[in-house]
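Have a look at the structure below, then the notes.
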Amino acid sequence: MADEGLIQSACVVMACNQSSGVTVLLAKRTSEVRMAPGHWVFPGGALEAQDRQRASPGLSGPAPEDYMRAALRELAEEVGVGGYSERQLVHMGEWITPTLLPRRYRTRFYLLATGEQPEPQCDGVEILQAMWISPSEALAAHAKGELDMMFPTVALLDWIAEYPSVEALSNALQANPLAPVLPELKQENGRRYLGLPTGSGYRLQRWYVD
């Protein structure tokens, strides 16, 4: 998956154990931003110069640590949640924007397990609202049209919903990492959809676009 023309970005999937199961932090982007305006997302954004360090010899593009720094910086800037370190992040997945779209991203997602639910403080510039919610509740709200979300967010929530605790999530990622994905436009019975490659690890394999 070549990096040509791709905007490098990173997001944090912040997860916490509650008596009812796992909850995650979702944030609603303002309508003015270029990426996912008005959508509920995991906090994150594009890598900036301050996130990048000199690449190791033979390494092309950002280092894994660059993505981690960007993910934690965006978490603090967008929702005011800080005090976490790179060693607490667990690589969760990587999505590349389909080739049919003019503005494309390579986004790495990181699981951040926490023992509490820190109160988000939205910046009001990129993020309007933020909330802790269970994946099943978020998916149900999305199905009713109450929460606008994109394919990667829904697919990750659907995957998380299968596990009873953040420990189970971490163990699953270590045993069977989610593969990097580049959704492809396909068609069946007159309907177009974005499909994931076989063996990607996600339960949700199709995202209908019409």
- request: Restrict the check to the stretch 164-173 and report whether at least one residue is of a type in the set (D, E), in contact with a Leu (Cβ under 9 Å, 6 or more places away or on another chain) and either at negative phi or without any contact (Cβ under 8 Å) to a residue 60 or more places away in the chain (or both).
  value: no
Strands (runs of 3 or more DSSP E) enclosed by the stretch 154-210 - at least 3 residues per element that are open to solvent by 10 Å² or more (accessible area, probe 1.4 Å), at pLDDT 95 or above and touching a His at 6+ places or on another chain (Cβ under 9 Å): none
statement: Filtering the stretch 109-148 for residues that are in contact with a His (Cβ under 7 Å, 6 or more places away or on another chain) and closer than 14 Å to V12 by Cβ leaves a count of 1
statement: All conditions in (1) open to solvent by less than 40 Å² (accessible area, probe 1.4 Å); (2) outside any strand (DSSP E or B); (3) farther than 29 Å from P62 by Cα are true of Q117 except (1)
query: Going by the structure shown, is L128 in a strand (DSSP E or B), of a type outside the set (F, W, Y) and closer than 18 Å to G83 by Cα?
result: no
task: Answer yes or no: is there a residue in the stretch 18-28 that is modelled with pLDDT of 95 or more and out of contact with any Leu (no Cβ under 9 Å at 6 or more places or on another chain).
output: yes
- prompt: Limited to the stretch 1-23, what total is found for residues that are assigned to a strand (DSSP E or B) and over 11 Å from the mean Cα position of the chain (by Cα)?
  reply: 10
message: It is to be established whether one or more residues within the stretch 58-65 are open to solvent by 20 Å² or more (accessible area, probe 1.4 Å), more than 13 Å from the chain's Cα centre (by Cα) and of a type in the set (A, V, I, L, M).
response: yes
- prompt: Taking the stretch 152-210 as the search range and keeping residues that are more than 18 Å from the chain's Cα centre (by Cα) and of a type in the set (F, W, Y), which one is nearest to S19 (Cα to Cα)?
  reply: Y208
- prompt: Are any residues in the stretch 56-98 among the polar types (S, T, N, Q) and either in a helix (DSSP H, G or I) or without any contact (Cβ under 8 Å) to a residue 24 or more places away in the chain (or both), and if so, which ones?
  reply: S56, S85, Q88
query: Can you pull out the residues in the stretch 132-148 that are open to solvent by less than 10 Å² (accessible area, probe 1.4 Å) and either within 17 Å of R29 (Cα to Cα) or not in a helix (DSSP H, G or I) (or both)?
result: A138
query: If you check every pair at least six apart or on different chains, which have Cβ atoms under 7 Å apart with a residue in the stretch 110-135 that is within 17 Å of M92 (Cβ to Cβ) first and a residue that is open to solvent by 70 Å² or more (accessible area, probe 1.4 Å) second?
result: Y110/H91; L112/Q88
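The values are calculated or read from the model by the stated rules, or taken from the named source; none is laboratory data. This is a predicted model, so every value here is computed, not measured. Counting neighbours? That spans all protein chains shown, and the Cβs are built from the backbone with ideal geometry, glycine included. Each accessible area value is taken on the protein alone, full model and side chains, heavy atoms only, with ligands, DNA and RNA left out. Shrake-Rupley method; radii C 1.70, N 1.55, O 1.52, S 1.80 Å.
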